[in-house]
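Below: one structure, written as structure tokens.
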Amino acid sequence: MQIVSGLVSGATVIAGSQAVQSAGMAISTTVSVAGTEVVSSGGTTSGTLLGGQETVLGGGRASGTVVSSGGYELVSSGGTAISSVISGGTLEVASGGSASSIVFSSGGMLQVDSGGHVSGTISGFHLGDEIDLRGLAYNSGSSLLSRKRPRARMPVGRLRSRKAHKASLSP
């Protein structure tokens, strides 16, 4: 295990783990399939290329993570992910976690658990991409997604797209 409490740049985690602790910063880390990266309170990552797993704990911050095929980024309660790029992997925003400005590139899934918070723009959503609104209550009397000309109503849940959609979620 590599523990980061200072600055690390360009590290590769082939197997095992890297723990980014308070006041620690990891820049341009590559995390392979058998590797993990844990971002603790006060820790920051920037530009991680993720083929394994990254967990952003409460008070941790991950910026510009690219979640590649087979990769999994978990933003837990109190954790923050900014400008993540989903490129074949999965970004999960757990209850109490937050993510903003998400980009889809080459497939993948955004999973928003009940109590997870997503803000800003979600862009690049195409055929094969998925948004799983896990735990979101469905109200049969309302429409969550709409498409201009013609208007289509879609149930809440796993969304698959052939055209661009605009979603507006409000309490």
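The values are calculated or read from the model by the stated rules, or taken from the named source; none is laboratory data. Quick caveat, the model's predicted, so the values are computed rather than measured. All Cβ positions, even for glycine, are placed from backbone atoms using ideal geometry, and neighbour counts span all protein chains on display.
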- Task: Go through (1) over 28 Å from Leu57 (Cβ atoms); (2) modelled with pLDDT of 95 or more; (3) of a type outside the set (Lys, Arg) one by one and return the number of the condition Ser161 breaks.
- Result: (2)
- Message: Anything in region 34-70 that is in a loop (DSSP other than H, G, I, E, B) and either within 15 Å of Ala15 (Cβ to Cβ) or over 14 Å from the mean Cα position of the chain (by Cα) (or both)? List them, or say none.
- Response: Ser40, Ser41, Gly42, Gly43, Gly51, Gly52, Gly58, Gly59, Gly70
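Search region 13-33 for residues being in a strand (DSSP E or B) and within 14 Å of Gly71 (Cβ to Cβ), and hand back the single one that is farthest from the chain's Cα centre (by Cα).
Val13
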- Restricted to region 45-67, and to residues that are within 18 Å of Ser123 (Cβ to Cβ) and of a type in the set (Gly, Ala, Ser), which residue is surrounded by the fewest Cβ atoms within 10 Å (Cβ to Cβ)? Ser63
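Table: residues versus (1) of a type in the set (S, T, N, Q); (2) modelled with pLDDT under 95.
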{"residue": "Leu91", "(1), (2)": "no, no"}
{"residue": "Ala99", "(1), (2)": "no, no"}
{"residue": "Glu130", "(1), (2)": "no, yes"}
{"residue": "Ser143", "(1), (2)": "yes, yes"}
{"residue": "Pro150", "(1), (2)": "no, yes"}
{"residue": "Lys166", "(1), (2)": "no, yes"}
- Query: Which one is surrounded by the most Cβ atoms within 10 Å (Cβ to Cβ), of the residues in region 71-95 that are touching a strand residue (DSSP E or B) at 6+ places or on another chain (Cβ under 8 Å) and assigned to a loop (DSSP other than H, G, I, E, B)?
  - Reply: Ser84
- Confirm whether Thr30 is modelled with pLDDT of 95 or more and surrounded by fewer than 24 Cβ atoms within 10 Å (Cβ to Cβ). yes
